[in-house]
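What follows is one structure encoded as structure tokens, with my remarks underneath.
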Amino acid sequence: MIHSVNSPPMIPAKGVEKNNQDNQTTGQGFQQILNDTVEKKTAGQDTQPIMQPPVSTLQEIFAPSFDLESDPLTTIQGMTDELLEMLELYTNGLGNDKNTLRNLAPMLDRIKGNADALVEKIGNMEDADPDLKEIATQSAMLANTEYLKFQRGDYI
């Protein structure tokens, strides 16, 4: 049922009792609370916010967790791509005369960590694409070889 909203609702004057069925069945209605609050404000009394929950009852709402690694092949492919990009940046850093080996050491440590994580992920995959596993394994071996060369002092 659609009600007309052309005319504003009537607000009863102070002291006038509104005698309808809703007010009798629900107790104090919104209008009564509003009138009481306005009376307190005009009388200079402090009013507290109505129905405000205490702060101590508020708690953090945790979002549900989702398994974003639902496709392990995509994860291995992404990790391999990231490792190859890091190796490319490392190679460019070696070719730049302005870089020192001391500046490149943290980058190589991150490359080693990513290679180790990739090898672990590949080891946990039994039904992965053999070609993808081969590329990922070779990339990790290349990263570990570069790490060993750096630690051994081949670039000094």
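The numbers here are math on the coordinates, done by the rules we state, and not lab data. Here the structure is a predicted model, which means the values were calculated and not measured. Every residue, glycine among them, receives a Cβ derived from its backbone with ideal geometry; neighbour counts consider all protein chains shown.
Numbers below:
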read-out: Per-region count, the stretch 84-110, residues under 15 Å from GLN151 (Cβ atoms) and surrounded by 11 or more Cβ atoms within 10 Å (Cβ to Cβ); value: 9
read-out: Selected residue (only one of ASP81, ASP131 is surrounded by 11 or more Cβ atoms within 10 Å (Cβ to Cβ), assigned to a helix (DSSP H, G or I) and of a type in the set (Asp, Glu)); value: ASP81
read-out: Total residues in the stretch 95-139, condition of a type outside the set (A, V, I, L, M) and within 30 Å of the chain's Cα centre (by Cα); value: 11
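Conditions tested, residue by residue: (1) in contact with a helix residue (DSSP H, G or I) (Cβ under 7 Å, 6 or more places away or on another chain); (2) of a type outside the set (A, V, I, L, M); (3) part of a helix (DSSP H, G or I).
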{"position": "THR74", "(1), (2), (3)": "no, yes, yes"}
{"position": "LEU87", "(1), (2), (3)": "yes, no, yes"}
{"position": "ASP97", "(1), (2), (3)": "no, yes, no"}
{"position": "ARG110", "(1), (2), (3)": "yes, yes, yes"}
{"position": "GLY113", "(1), (2), (3)": "no, yes, yes"}
{"position": "ASP116", "(1), (2), (3)": "no, yes, yes"}
{"position": "ILE122", "(1), (2), (3)": "yes, no, yes"}
{"position": "ALA136", "(1), (2), (3)": "yes, no, yes"}
